[in-house]
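So the structure is just underneath, and the comments pick up after that.
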Amino acid sequence: MKSRYLIAAMTVAMAMTAPLAAAAETFDIRMTGQSRNSLRGDRFVIPTYHVNFVTSQQATSVVSIGARTRLAMVLQGVDQATMRRLADEAYADLRRQMEAAGLTVIGAEEARAMTEAAGLERMPNNIDVAGIGPGITVGSSIRRGWVTVGPEAAPAIRGVGSMGNSVMRIGAFGALGGFNRTPNSAGLVAFAPALTLDFVRMQAARGGMFGNTASTSGQVGFGVLMTPSITAQKPVGRMNTGTPGQFGPRADVFTQTPFAELVQGGAAVRAGASFADDVDENYQAVVRARGDAVVVNLPVWEGLVRDAYRDYNAAIVAAIVAQQ
């Protein structure tokens, strides 16, 4: 009976048709949390524009040794060159939208010089890649792996817009404080967008009449996540802390547009998708690493990314204009 519960819990019902074409999507993104003082200014500098692509997810549910389950799903069909190109586009689109709204945006070269003067550390090779790391699950957990890239004109910066743990995200609150040490900071506002794009919605839960069943499920879906927040800073001159702030989408926003096909068992992940172990040639137990592949239709997926960054940027501009 217990095995029947476990088998039923590990079954993920998912029906997707191969996407052929997609009309433009509208992502209803509304910003919240902004500080009036941190966004009010005469000039704006964008030191970086992180685009965080979620590339893997793992759902784990544990009730007991006999009732536990894990499901992993991995994005496939998108290379780093495509991600970098889309980050360039997102950054250029934000600049265009801000200028169209009558906001003064500092040029890329001057922004780069100010970022260096502020002492901010760039990510090596303008990229951060993280798989699903190991961990202990008590109850249920959802873990993610990701790729973060920045535009060539405004490279990725450590400590800003990170997909890391909550402590790292809290630390990003004052990460732009170095702009207080830069010259000509009067009337300046610095902010660092952090657009996060997901490809699946996963759940892990425990249930049953006696709470003795473990279940995991996943549904392919393209969406914009509400975290991490956009970090902002209004410098007030040397030897002062300035006015830091954070704002971002008030909720995750997903679309129902099909953009990929699911291939069960078609991908590998860093952490195991199964609790069973294999024994290697040295008689050491190794956790099996496998997962379901979400293979994208690249033109459709790219179209959704462009729709997402345009609406995300429009929400940023609306938030800034509202505070002037």
Review point. So, in region 272-295, of the ones that are open to solvent by less than 20 Å² (accessible area, probe 1.4 Å) and under 23 Å from Val149 (Cβ atoms), which residue ends up modelled with the highest pLDDT?
Key: Val294
Practice item. Could you grab me the full set of residues in region 242-254 that are open to solvent by less than 50 Å² (accessible area, probe 1.4 Å) and at pLDDT 95 or above? Key: Pro249, Ala251, Val253, Phe254
Review point. Mind checking which residues of region 74-109 are in contact with a strand residue (DSSP E or B) (Cβ under 8 Å, 6 or more places away or on another chain) and under 20 Å from Asp42 (Cβ atoms)?
Key: Arg95, Met98, Glu99, Leu103, Thr104, Val105, Ile106
Point to revise | Failed condition for Ala268, given (1) modelled with pLDDT of 50 or more; (2) of a type outside the set (Lys, Arg); (3) more than 22 Å from Ile132 (Cα to Cα) | key: (3)
Exercise for review: Could you list, in sequence order, all residues of region 116-126 that are assigned to a helix (DSSP H, G or I), over 13 Å from Ala153 (Cβ atoms) and open to solvent by less than 60 Å² (accessible area, probe 1.4 Å)?
Suggested key: Ala117
Revision key, fill the gap. Looking across region 138-154 at residues that are open to solvent by 20 Å² or more (accessible area, probe 1.4 Å), over 11 Å from Val51 (Cβ atoms) and touching a strand residue (DSSP E or B) at 6+ places or on another chain (Cβ under 9 Å), the single one that is modelled with the highest pLDDT is Arg144
Exercise for review: May I ask you to list the residues in region 102-115 that are over 13 Å from Ala190 (Cβ atoms) and either open to solvent by less than 50 Å² (accessible area, probe 1.4 Å) or among the charged types (D, E, K, R) (or both)?
Suggested key: Leu103, Gly107, Ala108, Glu109
Exercise for review: Could you list, in sequence order, all residues of region 75-101 that are of a type in the set (Gly, Ala, Ser) and either in contact with a Phe, Trp or Tyr (Cβ under 9 Å, 6 or more places away or on another chain) or buried (at least 18 other Cβ atoms within 10 Å of the Cβ) (or both)?
Suggested key: Gly77, Ala87, Ala90
Exercise for review: Output the residue which, of all residues in region 232-241 that are in a strand (DSSP E or B) and modelled with pLDDT under 90, is least open to solvent (accessible area, probe 1.4 Å).
Suggested key: Gln233
Exercise for review: Confirm whether Val321 is at pLDDT 70 or above, surrounded by fewer than 16 Cβ atoms within 10 Å (Cβ to Cβ), more than 19 Å from the chain's Cα centre (by Cα) and not basic (Lys, Arg).
Suggested key: yes
Point to revise | Failed condition for Glu25, given (1) modelled with pLDDT of 75 or more; (2) open to solvent by less than 80 Å² (accessible area, probe 1.4 Å); (3) farther than 19 Å from Phe254 by Cα | key: (3)
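The values are calculated or read from the model by the stated rules, or taken from the named source; none is laboratory data. Because the structure is predicted, anything quoted here is derived from the model rather than measured. We place every Cβ from the backbone using ideal geometry, glycine too, and count neighbours over all the protein chains shown. In case anyone asks, the SASA skips ligands and DNA or RNA and just uses the protein heavy atoms, side chains included. Shrake-Rupley method; radii C 1.70, N 1.55, O 1.52, S 1.80 Å.
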